[in-house]
Amino acid sequence: MARRIIVTGGAGYIGSHVCVELLRAGGKALVIDNFANSSPKALERIRDIAGAGAELLRADLADANDAARIIDAVKAFRPDGAVHLAGLKAVGESVAEPVRYYSVNLPATFTLIRALEAANARMIVFSSSATVYGDLNASPVDETGAVGPTNPYGRTKLFIEEMLNDLARADARWKICNLRYFNPVGADPSGRIGEDPNGVPNNLFPFIAQVAVGRLPRLKIYGDDYPTRDGTGVRDYIHVCDLAAGHVAALDYLAREKAPGAQCFNLGAGKGISVLEAIAAFKRASNRDIPHEIAPRRAGDIAEIYAKPDRAQKLLGWRATRTLDDMCADHWRWQSENPNGYQD
Ligand code: UFG
């Protein structure tokens, strides 16, 4: 069992849930975060929920000036491996500022690799994305699907996957899991940690939740003329706690396999849900109105994508167990008890 884990981006939405899951499984975390899109309060909340097993190193993995300090701290922590989530992640922003995306997401990974090498802990579970599949595959898509991301953010994810694959091919001591997330939503059932996006949310669930709580007036549905069952976009929403459990399963898998090399897994629930279905479920869970209107399609969106998650079930012994109603109830609990996120 891998027990001492570096969690880059560990104060963020997914990272905070990964920390809780790790601590609950008896592990310890060293969170490396620069709080570019997260709050130190998440660390306090992690402590409240799951005990004091998460330390913090406030540092920027992409800043060369921080590298020596990071490498020293990683060595001192004596880790078994890392979960690597730190990075920029807004699709639209990456189209406008591609060089920034490449010059943050890739160098952050180089520094992590150097630090793990120095600590003799060659194990990474990497936060990749279903976005690497682009628009090239019919759903359900499995890990043999063609890759072709349609924006710079997605390309950083694919390049990092490929780099980690090369690393594992070059040196069999490296153990890698590239986890391709579908659409994480929901929150820890405690209501203490959750998604707290900077500014107006880009993604569907945080937007719906802010409409339900009265922070935003109405939701725009980006297109109702897609070739889907009700014309709106279909995605594979997965409860963030299921996703977090997938990371612990991946760490356990890498720890127990002698020479796994680099492996790739879809983490999705395996079920397509439309925008209208998501709105209806959130309305039921929150008992609030979700005013909405039909708007033009959003540039770069695809009609439908959902996962075939069988490989993760077979090799990691993991599958998503929480329902859409669970996702909505838990997302709503977080949003209604923290209407302004961590600022309250
Ligand atoms: N949508 C709306 N209105 C909104 C926001 C979203 O109708 O205000 C629709 C979208 O058109 C889409 C669905 O809701 O049909 C989901 O959109 P999200 O933005 O929540 O999620 P995406 O699937 O577009 O993007 C997510 C991640 C990306 C990742 C991508 C991989 O946010 O980081 O999945 O497929 F790249």
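We did not get these values from a lab; they are worked out from the coordinates using the rules stated. A quick note: this is a predicted structure, and the numbers were derived from the prediction, not measured. Cβ sites come from the backbone with ideal geometry, for glycine too, and all protein chains shown count toward neighbours.
Quick check on the chain: helices-only [θ] at 222 nm, where DSSP H runs of length 4 and up contribute -39,500 (n - 2.57) each and the sum goes over total residues. Nearest 500, please. Could you put the intermediate results ahead of the total?
Working: 10 runs with 131 residues, N = 344.
Using -39500 (n - 2.57) per qualifying helix, the result is -12000 deg cm²/dmol.
What are the residues whose amide H is under 5 Å from the amide H of VAL234, where those residues sit 5 or more places off or on another chain and H is modelled from the backbone?
For VAL234, whose amide H was placed from the backbone, the distant partners under 5 Å are GLU304, ILE305.
Could you give the nm distance between label points at ALA146 and ARG3, where each point is 7 Å from its Cα heading toward the beta carbon?
With each label placed 7 Å out from Cα toward Cβ, I get 4.8 nm.
Could you work out how much longer the chain between ALA64 and PHE110 gets when fully extended? Use 0.36 nm per residue separation minus the Cα distance between them, nm to one decimal.
Working: separation 46, 0.36 × 46 = 16.56 nm, distance 1.03 nm.
Contour length minus Cα-Cα distance gives 15.5 nm.
Using a Förster distance of 56 Å, how high is the FRET efficiency between ARG284 and ALA255, based on the Cβ-Cβ distance and rounded to 0.05? Write out the running numbers ahead of the final one.
Values: r = 40 Å, r/R0 = 0.72.
E between ARG284 and ALA255, to the nearest 0.05, is 0.90.
Could you list log10 I(q)/I(0) for region 127-276 at q = 0.12, 0.15, 0.17 Å⁻¹, which the Debye formula gives when each Cα is one point scatterer?
For region 127-276 at q = 0.12, 0.15, 0.17 Å⁻¹, log10 I(q)/I(0) is -0.62, -0.92, -1.13.
Testing the spin-label approximation: label points 7 Å from Cα along Cα→Cβ at ASN203 and ASP48. State their distance in nm.
Each label point is offset 7 Å from its Cα along the Cβ direction, giving 2.2 nm.
Among MET327, MET163, MET123, determine the one that fluctuates most according to a GNM of the chain built with springs between C-alpha atoms less than 10 Å apart.
Looking only at MET327, MET163, MET123, the biggest GNM fluctuation is shown by MET163.
Modelled label-to-label distance, LEU315 and ALA170, 7 Å Cα→beta-carbon offset: nm?
Simple spin-label model gives 2.2 nm for this pair.
Expressed in nm to one decimal, what extension gain is obtained for the pair HIS292 and GLU55 from 0.36 nm per residue of sequence separation less their Cα-Cα distance? Intermediate results must be reported in sequence, preceding the final value.
Values: separation 237, 0.36 × 237 = 85.32 nm, distance 4.21 nm.
So the extension gain works out to 81.1 nm.
Students often check this: by mean Cβ neighbours within 10 Å, which of 233-240, 13-20 ranks highest, and how do the rest follow?
Details: 233-240: 26.2, 13-20: 28.2.
So the peptides 233-240, 13-20, ranked by packing, come out 13-20, 233-240.
Listed here are the pairs LYS75/LYS314; LYS28/LYS258; LYS28/LYS283; LYS28/LYS157; LYS89/LYS283; which of them are more than 30 Å apart at the Cα? Show your work: numbers first, answer last.
Numbers: LYS75/LYS314 34 Å; LYS28/LYS258 23 Å; LYS28/LYS283 38 Å; LYS28/LYS157 26 Å; LYS89/LYS283 28 Å.
In this structure, LYS75/LYS314; LYS28/LYS283 lie more than 30 Å apart at Cα.
Quick one: go through region 173-196 and flag any residue whose amide nitrogen is under 17 Å from the point 7 Å out along the Cα-to-Cβ line of ASN120.
173-175
What list of ³J(HN,Hα) values in whole Hz, one per residue of region 319-332 in order, does the Karplus curve 6.51 cos²θ - 1.76 cosθ + 1.60 (θ = phi - 60°) give from phi, with Gly and Pro shown as x?
So the J values, rounded to whole Hz, are 8, 6, 10, 7, 8, 4, 5, 4, 4, 5, 4, 6, 5, 5.
Whole percent per 20 Å bin, from 0 to the bin with the longest distance: what is P(r) over all C-alpha pairs of the chain?
32, 61, 7
How would you order 34-41, 87-94 from highest to lowest mean count of nearby Cβ atoms within 10 Å?
For the peptides 34-41, 87-94, the packing ranking is 87-94, 34-41.
Beyond 24 Å, what share of the Cα-Cα pairs of region 186-344 is found? Please give it as a whole percent. Before the final figure, lay out each step's value.
On the way: 5086 of 12561 pairs.
Summing the P(r) of region 186-344 above 24 Å gives 40 percent of all pairs.
Among residues other than ARG333 whose Cβ falls under 11 Å from its Cβ, what is the net charge (Lys/Arg +1, Asp/Glu -1)?
-3
Send over the semi-axes of region 14-154's equivalent ellipsoid, whole angstrom and largest first, taken as the square roots of 5 times the C-alpha gyration tensor eigenvalues. Walk me through the numbers before you get to the answer.
Numbers: eigenvalues 149, 70, 50 Å².
Computed over region 14-154, the values are 27, 19, 16 Å.
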